[in-house]
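> Sharing a structure here in structure tokens format.
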Amino acid sequence: RDAPAKMEFRLFPDLQEVGKLLKQYKKTRNIIFDKRQHYGQSYFQGQPLYFIEPIVSNKKNKQEKIIVDYYYNIPNDLSLKKYTAVFLTRDSALKGWKYFREQMKEYKLPVEPKLRVYNLEDFLKDLEVTKDINILFIPGLDSYKQIEQQHLETKGKTKLASTREYTTSSISTGQLWLRRIILSLTSRQPPIW
């Protein structure tokens, strides 16, 4: 909204994820759509986001029920902030839940959580009003692997390019000094008549 005039942004959703959401995931019992989300049999507005809903559970060996919120802590973060996880794929949400269940063994948590589906564009609009919220966007595993592969390829090209640049630079320096030596030897000689 603060962008200069005549500047437009276009965001294309992950069509594979939208297709899976409309064809496969929508039929499962653990998916609920946000009440503000526009969707139908053959359309979904925006890039899907998945949120793990809080679950009422009780600790093992106790009858007291409490609400368990899904949160994410960044390893080695000294502030110990609890981040609200926003998943870009259903698979990454389920993997995040599986890890969370392993960490929270003292609670009786279901195998699959309730996932609330919303969209990125409206979520960002909602964030303009909300303050002091810690959010962590978690991409799908495929995206992570692709970025990691591109990083390794770029790193490999960078080493090759730097080696080539060093070699080219050394050759150029050597040629320059050779020309200077030849010029100094030939310019001190008297001209031949």
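> What number of residues within segment 15-52 satisfy the criterion of being hydroxyl-bearing (S, T, Y), assigned to a loop (DSSP other than H, G, I, E, B) and open to solvent by less than 80 Å² (accessible area, probe 1.4 Å)?
Total satisfying the criteria: 1.
> Also, I was wondering about something else. Check L78 against each of (1) part of a strand (DSSP E or B); (2) among the hydrophobic types (A, V, I, L, M, F, W, C); (3) closer than 20 Å to I133 by Cα; (4) open to solvent by 60 Å² or more (accessible area, probe 1.4 Å) and name the one condition it does not meet.
Condition (1) is where L78 drops out.
> Further, regarding this structure: Have a look at R90, R101 and point out the one that is free of Cβ contacts under 8 Å to residues at least 40 places away in the same chain and either among the basic types (K, R) or open to solvent by 30 Å² or more (accessible area, probe 1.4 Å) (or both).
Matching residue, one of R90, R101: R101.
> Scanning segment 53-71 for residues that are in a loop (DSSP other than H, G, I, E, B) and of a type in the set (S, T, N, Q), which turns out nearest to E102 (Cα to Cα)?
Out of the qualifying residues, it is N61.
> Also, quick follow-up: How many of the residues in segment 125-147 are surrounded by 12 or more Cβ atoms within 10 Å (Cβ to Cβ) and of a type in the set (A, V, I, L, M)?
So the count comes out to 4.
The values are calculated or read from the model by the stated rules, or taken from the named source; none is laboratory data. Since the model is a prediction, treat every value here as computed from it, not as a measurement. Note that we place each Cβ from the backbone using ideal geometry, even for glycine, and neighbour counts take in every protein chain shown. Areas reflect the complete protein model, heavy atoms only, side chains present, ligands, DNA and RNA absent. Shrake-Rupley method; radii C 1.70, N 1.55, O 1.52, S 1.80 Å.
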